[in-house]
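Engineer: Encoded as structure tokens, here's the structure I'll be asking about.
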Amino acid sequence: MSSVKVNQHEQEKKRIEQVLKMLAMHYPQVKTGLVYDNSFQLLVATVLSAQTTDQQVNKITARLFEALPTAYEMARRKPSDLEPYLKRVGLYRHKASYLVEASKIIVEQHGGRVPDQFAELIKLPGVGRKTANIIISSAYGQPALAVDTHVFRVSRRLGLADGKNVDAVEEQLKMVIPQDQWIASHHRLIAHGRTLCQARNPQCKNCFLNEWCFLILERGNDEWPLKN
Ligand code: SF4
């Protein structure tokens, strides 16, 4: 590698370190906004959270978990039994069906316990990479980095990744973020996406990262707020 490229690489490494440091300073205590008591309830809440706010999911699960707190109870029901609880979430019929089917597999194949292996989790209906990563990190404390819509958007704007899909971004983030920061970084990028780096109206002028943000460095800050 030429010395110019080595220098650019070093500068980029420092920029990313600074971004991660600033995120940690501004969002020191971060965790999921979903309310749950165990890994099964986290799985249910995460499946329901697709295209729905955490607050809305929490309202729904408060009633749902009171009636059906474990995989055993849910596995015995028909999807139509769950639908009255889920009516306020998007795609509720699909989600009701996924949850009943997933509960049956958890009971029949895993003794009622949500598996802690990524490969087993993604076999469950309604569970993709994002949900599986959330379960193994938040419920079982294993290093994982779930990429949701906020993590995808914010990490690309910040220049932590440039992948065109969530799988590519996940792989890139795992290369630039130290493993012991994966779980916290997931929550910090979500917190930043909800507060300042929103999809339609990012608050670039007031953002504590605007000195280090890839998009600002690339486009300049003549126009605030940044237009997508
Ligand atoms: S400067 Fe703008 S685009 Fe960059 S992280 Fe902040 S809000 Fe997002």
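The values are calculated or read from the model by the stated rules, or taken from the named source; none is laboratory data. On a predicted model such as this, the values are computed, not experimentally measured, just so you know. Here Cβ is always computed from backbone atoms with ideal geometry, including for glycine, and neighbour counts include all displayed protein chains.
Engineer: Go through segment 103-153 and count every residue that is in a helix (DSSP H, G or I) and among the β-branched types (Val, Ile, Thr).
Structural biologist: 9
Engineer: Looking at ASN165, is it free of Cβ contacts under 8 Å to residues at least 24 places away in the same chain, more than 11 Å from the ligand (Cβ to nearest atom), over 28 Å from GLU10 (Cβ atoms) and surrounded by fewer than 21 Cβ atoms within 10 Å (Cβ to Cβ)?
Structural biologist: yes
Engineer: So if I check each of ARG200, ARG156, which one is within 12 Å of the ligand (Cβ to nearest atom) and in a helix (DSSP H, G or I)?
Structural biologist: After ruling out the rest, the residue left standing is ARG156.
Engineer: If you don't mind, there's one more thing I want to ask. Out of the residues in segment 30-49 that are modelled with pLDDT of 95 or more and among the small types (Gly, Ala, Ser), which is nearest to LYS130 (Cα to Cα)?
Structural biologist: Of everything passing the filter in segment 30-49, ALA45 is nearest to LYS130 (Cα to Cα).
Engineer: Another question, if that's okay. If you check ARG200 against the conditions, is it in the same structural domain as MET25 (by TED's automatic domain parsing), surrounded by fewer than 21 Cβ atoms within 10 Å (Cβ to Cβ) and more than 20 Å from PRO28 (Cβ to Cβ)?
Structural biologist: yes
Engineer: May I pose another question? When you go through GLN172, GLN181 one by one, which is the residue that is free of Cβ contacts under 8 Å to residues at least 40 places away in the same chain, away from the ligand (no atom under 15 Å from the Cβ), within 17 Å of the chain's Cα centre (by Cα) and not assigned by TED's automatic domain parsing to the domain that holds VAL100?
Structural biologist: Just a single option satisfies the conditions, and that option is GLN172.
Engineer: Assuming LEU217 fulfils every condition listed in (1) among the aliphatic types (A, V, I, L, M); (2) modelled with pLDDT of 95 or more; (3) in a helix (DSSP H, G or I) apart from one, which condition is it?
Structural biologist: LEU217 satisfies every listed condition except (2).
Engineer: Run ARG93 past the list (1) surrounded by 15 or more Cβ atoms within 10 Å (Cβ to Cβ); (2) more than 16 Å from SER39 (Cβ to Cβ) and report the number of the one that doesn't hold.
Structural biologist: With (1) surrounded by 15 or more Cβ atoms within 10 Å (Cβ to Cβ); (2) more than 16 Å from SER39 (Cβ to Cβ) applied to ARG93, the lone miss is (1).
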